[in-house]
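Read-outs: derived from the displayed coordinates by stated rules, not from any lab. Everything numeric here is computed off the predicted structure, so don't read it as measured data. Neighbour counts run over all protein chains shown; Cβ positions are idealised from the backbone, glycine included.
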Amino acid sequence: MQIGHVQLSQDKNYYSVPYQYVKKKAKLLNTKSTVEIYHKYNRIAIHPRNYKPLIYTTIPEHMASTHQFVAKWSAARFIDWASNIDESVAKYIMQIIESRNHPEQAYKSCLGILNFEKKVGKERLINACKRALDFKIYNFKTIQNILENNLDHIEFEQEPEQELPIHGNIRGKQYYN
């Protein structure tokens, strides 16, 4: 999946070309207000000129249909989708998104997890997310392993914190203050 951009070097800006022209030679003709892109003397794109450096100007129609779909992805979209399944799924998706430096890095994992609803059913996905939330491990592989090993069917019990016995050799937290 590629988006083609040509660089107007004097402005240090990038302008999109239709995906059919990716990796093909193009010529740029620029005026004060527009940038026109030609392939074999046929104009294939026209953009308003942008003088801010390092800006990508992309016309959505220039992207392949598969990439147009991906361009519509957002954290809010995945969280909303997960919320329609269950609160625990939404919490898990939020944790995945928040655990990444850039939310976009989490989108494929989120899509994979949410697609499990079609493969294994709503109830199993909910149980897998609840179990993974208890473990505080936030990634696609965790959910996949839980579902593959049918761990979502096993009741998960958290061990209660054990109280220390009262004994003369055991010092409490006040000892270290």
Residue by residue through the stretch 52-61, the couplings from Karplus 6.51 cos²θ - 1.76 cosθ + 1.60 with θ = phi - 60°, in Hz, x for Gly and Pro, are 5, x, 6, 9, 9, 9, 10, 8, x, 5
How do Glu163, Glu36 line up, fewest other C-beta atoms within 10 Å first? Glu163, Glu36
Computed E for Asn115/Gln7 - FRET, C-beta separation, R0 25 angstrom, nearest 0.05: 0.10
From the helices alone, meaning DSSP H stretches of at least four residues, give me the mean residue ellipticity at 222 nm for the chain, per-run term -39500 (n - 2.57), in deg cm²/dmol to the nearest 500. -11500 deg cm²/dmol
Pick the calculated log10 I(q)/I(0) by the Debye sum over Cα atoms at q = 0.11, 0.15, 0.17 Å⁻¹ for this structure from (i) -0.43, -0.82, -1.07; (ii) -0.69, -0.89, -0.98; (iii) -0.70, -1.11, -1.26? (ii)
At 20 °C and a viscosity of 1.002 mPa s, what translational diffusion coefficient does Stokes-Einstein give for the stretch 73-138, taking Rh as the Kirkwood radius over Cα pairs? Give it in µm²/s as a whole number. 186
Between the modelled labels at His167 and Lys72 (7 Å from Cα along Cα→Cβ) the distance in nm is 6.4
Which aspartates and glutamates have a Cα lying under 19 Å from the Cα of Lys32, excluding residues fewer than 8 positions away in the same chain? Asp11
Treating the stretch 4-63 as a set of equal point scatterers at the Cα positions, no solvent, please give the Debye-formula log₁₀ I(q)/I(0) at q = 0.17, 0.22, 0.24, 0.26 Å⁻¹. -0.47, -0.81, -0.97, -1.13
Sorted from fewest to most neighbouring beta carbons within 10 Å, what does the list Phe78, Phe140 look like? Phe140, Phe78
Using a Cα-Cα cut-off of under 23 Å, which lysines could be cross-linked to Lys91, ignoring same-chain neighbours fewer than 8 residues away? Lys72, Lys108, Lys118, Lys119, Lys122, Lys130, Lys136, Lys141
Between Ile146, Gln105, Pro60, whose Cα lies farthest towards the positive end of the dipole of the chain when Lys and Arg beta carbons carry +1 and Asp and Glu beta carbons carry -1, centred on the Cα centre? Pro60
Under a crude label model (7 Å from the Cα following the beta-carbon direction), how far is Glu155 from Gln20 in nanometres? 6.3
